[in-house]
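Each remark here refers to the structure printed beneath this line.
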Amino acid sequence: MKILTILGARPQFIKAATVSRAIAANQNITEVIVHTGQHFDANMSDVFFEQLDIPKPNHSLGIANLNHGAMTGRMLEAIELIVEIERPDWVLVYGDTNSTLAGALAAAKLHVPVAHVEAGLRSHNLAMPEEINRVLVDRISSVLFCPTETAVENLHVEGFPFTESKRKAQKILNVGDVMYDATLYYREKVRENILLTEWGLDEKGYVLCTLHRAENTDNPLRLESIFDALREINRDLPVVLPLHPRTKNLLERLGAMRWLDGLRLLSPVPYLEMQRLEMDAKVILTDSGGMQKEAYFHQVPCVTLRDETEWVETVTMGWNQIVGSNREKILSAFHRPQTHVNQTLQPYGAGDAALRITDYLWNNR
């Protein structure tokens, strides 16, 4: 059996590391990896393949630095040719990026079944490009691998599963979250081999922040308000900020690099190093979906710099507060004591999501 895997962005590399490892354990499955090039910075792409032991891509497209339409269109054209050449039994896509949409469209148009990992997530905000990608990819996928029961319920509310006249009914499975698999697999390795002293930091002696979502980085008013709050927090604890290229580019265009004054800036951080920074932060402030979950996995309070979240479980269990970009709400959430629920709950599965995904694909080839 042959699986064609489409990757392109940092979160997808992390998810694929777990599933590719499970695929490699089955000698009857061949995995062909396509890297679209959506994340082109070495610290956001190449190093992930090296750190996480992901097989080198069989096809590298180098498609980046374009707007959504041009990027998705070029990827679609290139992936379609690869699907025709490779003739896979499954096309496997992850998450909600332009790479995800292009891969799913190319496969569906050539009548190759699509498996969507992290299906069913919804922010209910169609202003987000990611939300559009999620909805479209779910609609044309043959199997929907959901990370949580909430994701399953989202699909049922929207009328899933669908049955086409010449296609089997879609299959919806709650397999758990592959990022939880990754956290469990790498946690001890990270703690033993990466020390906070590399950055001159102490356990629980700093705040970790990431900021990259277009809703923030493309809106100067939101961005200024967030950085006002970060500089205020920095008076109490050092704010460590791995600076995303998109955020840096916007600040440079605005002539607003002064908004970073006093913050502890880092270049984009590879996965294992980021896990180390997350583990011992006092608080995490982020607009990243993945980091909201990882904060929960590491039992670190999270403040989400968005107006909604797909990962509602982190909120209902008390580990995450949604504050948007409002300066006062950010500061209030940072200083407000957290109330945490029993950590024995397992809304993201038991750490075997990758195995369950691989077993399903093999048994339904």
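The values are calculated or read from the model by the stated rules, or taken from the named source; none is laboratory data. A quick note: this is a predicted structure, and the numbers were derived from the prediction, not measured. Cβ sites come from the backbone with ideal geometry, for glycine too, and all protein chains shown count toward neighbours.
Among the residues making up region 206-229, those that are closer than 15 Å to residue 288 by Cβ and either of a type in the set (Gly, Ala, Ser) or without any contact (Cβ under 8 Å) to a residue 60 or more places away in the chain (or both) are 214, 217. The residue that is farthest from residue 87 (Cα to Cα), counting only those in region 1-25 that are part of a loop (DSSP other than H, G, I, E, B) and either modelled with pLDDT of 95 or more or among the aliphatic types (A, V, I, L, M) (or both), is 9.
Of all residue pairs spaced 6 or more apart or on separate chains, none has beta-carbon atoms under 8 Å together with a first member in region 1-16 that is at positive phi and without any contact (Cβ under 8 Å) to a residue 40 or more places away in the chain and a second member that is surrounded by fewer than 24 Cβ atoms within 10 Å (Cβ to Cβ) and not β-branched (Val, Ile, Thr). Can you pull out every residue in region 283-321 that is hydroxyl-bearing (Ser, Thr, Tyr) and out of contact with any Leu (no Cβ under 9 Å at 6 or more places or on another chain)? Answer for region 283-321, where residues must be hydroxyl-bearing (Ser, Thr, Tyr) and out of contact with any Leu (no Cβ under 9 Å at 6 or more places or on another chain): 296, 309, 314, 316.
The condition of being assigned by TED's automatic domain parsing to the domain that holds residue 312, among the aliphatic types (A, V, I, L, M) and modelled with pLDDT of 95 or more holds for only one of 243, 173, 201, that being 201. Step by step: first the residues of region 139-160, then only those that are farther than 12 Å from residue 122 by Cβ and hydroxyl-bearing (Ser, Thr, Tyr), then the one that is nearest to the chain's Cα centre (by Cα). Which residue is that? Here the residue is 141. Please go through region 77-103 and pick out each residue that is of a type in the set (A, V, I, L, M, F, W, C), within 19 Å of residue 136 (Cα to Cα) and either surrounded by fewer than 19 Cβ atoms within 10 Å (Cβ to Cβ) or free of Cβ contacts under 8 Å to residues at least 60 places away in the same chain (or both). Listed by number, the list holds a single entry, 101. The residue list 320, 326 contains one member that is in contact with a Ser or Thr (Cβ under 9 Å, 6 or more places away or on another chain) and surrounded by fewer than 17 Cβ atoms within 10 Å (Cβ to Cβ), which is 326.
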